[in-house]
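A.B. asks: Pasting a structure below so you can have a look.
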Amino acid sequence: LARQRAHFAAAAAHELRTPIAGLQLHAEMLAEGLGDPGQRAHYAAIVSSEAARLGRVVANMLDLSRLERGAQLAHPAPGELGEAVARFIDRARPRLEDAGVVVELALEPDRPTATFDPDALHQILDNLLDNAEKHTRSVAERRVRVSVRRSGDRLAVEVRDNGPGVPRTLRRELFRPFTRHAEAPRTPGLGLGLALARGLARAQGGELTTVAEDGPGAAFVLHLPPAR
């Protein structure tokens, strides 16, 4: 337990320090008029991006703690799943494209309503896309494909990237807190995103799984119940 606490404290300090340093640097440049005057909008975008990253880290830590205490973080209700996913992708696309990731969205034309919580859905997608962005950094042409389709008697949202994929040895423990990819030393993160995403999926009566495929590319599927 002591080793786990020490590991978490070190990882959390590193994960929080990086966006704070970026915020401080570019905020000072804006405040003091340093750097290229023509790049002020770019500096402001970096401040916004780092603040959002810091917010995701803190939100994941707090929400996972609340889920483990049994708090209800989702209030599912009937809604149009494809429309909700499309709204989130429109909001997330600029951030991902600025990082060099091409985002594709595929929606089936006939989509019945599902039972879900829009805020919880967006948080799940945010974590899945954040993971995809991190783990495609070694790929020349980075791509993420998000699709909404029927899956038996449920609706499925799939997030698929073209990164190195999930090692077979890691799949069983992938959704446990603090589980990291083999490239963890070079990849930022605390290993909380997938654990929280699965908890939020189950809080909506759904499930989050990974597609067991060998080779390049990782795929995660969120299954949600149809509206009754």
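A.B. asks: Round to the nearest 0.05 the FRET efficiency obtained for ALA27 and ASP90 when R0 = 30 Å and r is the Cβ-Cβ distance.
C.D. replies: 0.65
A.B. asks: Can you give the percent of C-alpha pairs in the stretch 1-123 whose distance is more than 20 Å?
C.D. replies: Counting pairs separated by more than 20 Å, the tail of P(r) holds 63 percent.
A.B. asks: Are there any helices in the chain, counted as whole DSSP H runs, that stretch 30 Å or more along their axis by Cα and score at least -0.5 on average by Kyte-Doolittle, and if so which?
C.D. replies: Helices passing the filter in the chain: 2-32, 40-68.
A.B. asks: Quick one: what do you get for the chain if you divide its Cα Rg by 2.2 N^0.38 Å?
C.D. replies: 1.06
A.B. asks: What number comes out for accessible area per residue over the chain if the probe is 1.4 Å? Units Å², please.
C.D. replies: Using a 1.4 Å probe on heavy atoms only, each residue of the chain averages 53 Å².
A.B. asks: On to the next question. Around ASP126, with a cut-off of 13 angstrom between Cβ atoms, what is the net charge of the other residues, counting Lys and Arg +1 and Asp and Glu -1?
C.D. replies: Overall, the nearby charge balance is +3.
A.B. asks: How many percent of DSSP beta bridges within the chain run antiparallel, rounded to 5?
C.D. replies: 75
The values are calculated or read from the model by the stated rules, or taken from the named source; none is laboratory data. All figures in this text were calculated on a predicted structure; none of them were measured in a lab. With ideal geometry, Cβ positions are generated from the backbone for all residues, glycine too; neighbour counts draw on all protein chains shown. These area figures cover heavy atoms from the full protein model, side chains too; ligands, DNA and RNA do not enter into them. Shrake-Rupley method; radii C 1.70, N 1.55, O 1.52, S 1.80 Å.
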